[in-house]
Each structure stands twice: as C-alpha cells, then as structure tokens.
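Written below as structure tokens is the structure these notes are about.
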Amino acid sequence: MTRWFGSQQLPRVERDPARVVFFSDAVFAIAVTLLVLGIEPPADFGHLMEGLGRLWPSYLAYAISFLLIGQVWVNHHVMFEHIRSIDRRILFLNTLLLMVIAFLPFSAALLAGALDAREGLGVAVVFYGTTLWAAALLFNVLWAHARRGGLVDTGTLTDSGRAITIRFAIALVWIGVGIVLGVFVPVAGVAVIAAFIPAYYLPIRGE
C-alpha cells in the first residue's frame, strides 16, 4: 500500500510491532501494581482484624480491576499476534489505549470509596464502566484500522479475524449494559462488569 505526497509516490513505512508490545506490557504491569497502592492499611492496630474486614470494598475493586487489566493484556497480545506491522495510527491508538489502562487504578479507587461510603455508588459504577468501555472502543478502532490497512496476516482475514472482530464488538455492548444497569441498580452493574472477566478469558477461535 502506498500514499501520495505531491507528485511523488512514497512507500508506507512498516514497523515491527515488537517494541509496541514490550512497551504496552510495561504499562500493564505498572497499572496492576498501582492498584494495590489504593489499599491503605487500617489506622487502628488495636482492632486490626475488624479494620481489615472493613477494607472489603478495596479488596473487591482490586480483584475485579486486576483481573480486568489482565484480561485486556491477554487480548492485547492476541490482537498483536495477528498484526504483522504497524503504522503511526496504530502507535497513536495504542497510546490512547494505554492511557485508559493507566487510568483504571483511579477508577478502581473511586469505586472502592463509593462502596465503602455507600454513597455515590451509581456514579462510581458508571465512571468505572465508562473507563472500561473507552478501552473496548479503542480495541475495536485499533483492530479495524489494522484489518482495513492491510497490517494483519493474510490468514487473519478469514474465520479467526471475524471471531476477533465479533468478540471485540460484543465487549462494547456487554460493558454498555453494565453501565446502564449501574445507573439504576449499581450492584447489578458491578455484577455484569465482573461477569465480563471469565467470559473474555476464554480463547478466541484461531488464537
């Protein structure tokens, strides 16, 4: 594929995706590490067991978020296993995706705080879900660009490519349902988002 600049026809510069994957792995690792920093130990060591029990909202937000980031990492690897070369647009879209992932520890802390305070939970669930939905959207845009731009392996344009496309598209709907439920029944919204974890750890056809 080529592009035009004035009267000259210039070849598209194709880059090895390995460095993008390595950099992305580092950001994912930092994001999951930051999650635990949002859990502060109890101040009253005289009632330590009780204090540790009261931290359950932080434990819950940590577990869900860690597994979700891990799931995104797994599917990110699956996607880039099919991408043979990258261009500047993929670099930009992947940077936006990593920016959203790095934001998840804040969203998790917000969710834990709302669960603990039992106030503002609906807003916290919507905020948390929207962060995940933004990541899912960027997955779809990145994958669509790679396929349409001829940056994926030719074999990926068949059944395995369609399976990946369908899974990424369903993610938008699934998380969107969790967000809507979070407005009216926050606990149900959290449950739908949490159910997303085991479903999307399953292998993709052609993986």
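The values are calculated or read from the model by the stated rules, or taken from the named source; none is laboratory data. This one's a predicted model, so the numbers in the text were calculated from it and none came from an experiment. No Cβ is skipped: glycine too gets one built from the backbone with ideal geometry, and neighbour counts run over all protein chains shown.
For this structure, a couple of remarks:
- Which listed residue is at pLDDT 95 or above and touching a Ser or Thr at 6+ places or on another chain (Cβ under 8 Å), from Ser24, Ser65, Ser58: Ser65
- Out of Phe184, Phe139, Phe103, sole residue that is exposed (fewer than 15 other Cβ atoms within 10 Å of the Cβ), modelled with pLDDT of 95 or more and in contact with a helix residue (DSSP H, G or I) (Cβ under 7 Å, 6 or more places away or on another chain): Phe103
- Selection count, the stretch 93-129, where residues are among the β-branched types (Val, Ile, Thr), under 18 Å from Leu181 (Cα atoms) and in contact (Cβ under 8 Å) with a residue 60 or more places away in the chain: 2
- Condition met for Ala146 (within 21 Å of the chain's Cα centre (by Cα) and surrounded by fewer than 21 Cβ atoms within 10 Å (Cβ to Cβ)): no
- Single condition Val173 does not satisfy, out of (1) buried (at least 17 other Cβ atoms within 10 Å of the Cβ); (2) modelled with pLDDT of 95 or more: (1)
Residue by residue, here is whether (1) touching a residue at least 24 places away in the same chain (Cβ under 8 Å); (2) under 18 Å from the mean Cα position of the chain (by Cα); (3) over 24 Å from Phe92 (Cα atoms); (4) in a loop (DSSP other than H, G, I, E, B) holds:
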{"position": "Val21", "(1), (2), (3), (4)": "yes, yes, no, no"}
{"position": "Ser24", "(1), (2), (3), (4)": "yes, yes, no, no"}
{"position": "Ala29", "(1), (2), (3), (4)": "no, yes, no, no"}
{"position": "Leu34", "(1), (2), (3), (4)": "yes, yes, no, no"}
{"position": "Ala43", "(1), (2), (3), (4)": "no, no, yes, yes"}
{"position": "His47", "(1), (2), (3), (4)": "no, no, yes, no"}
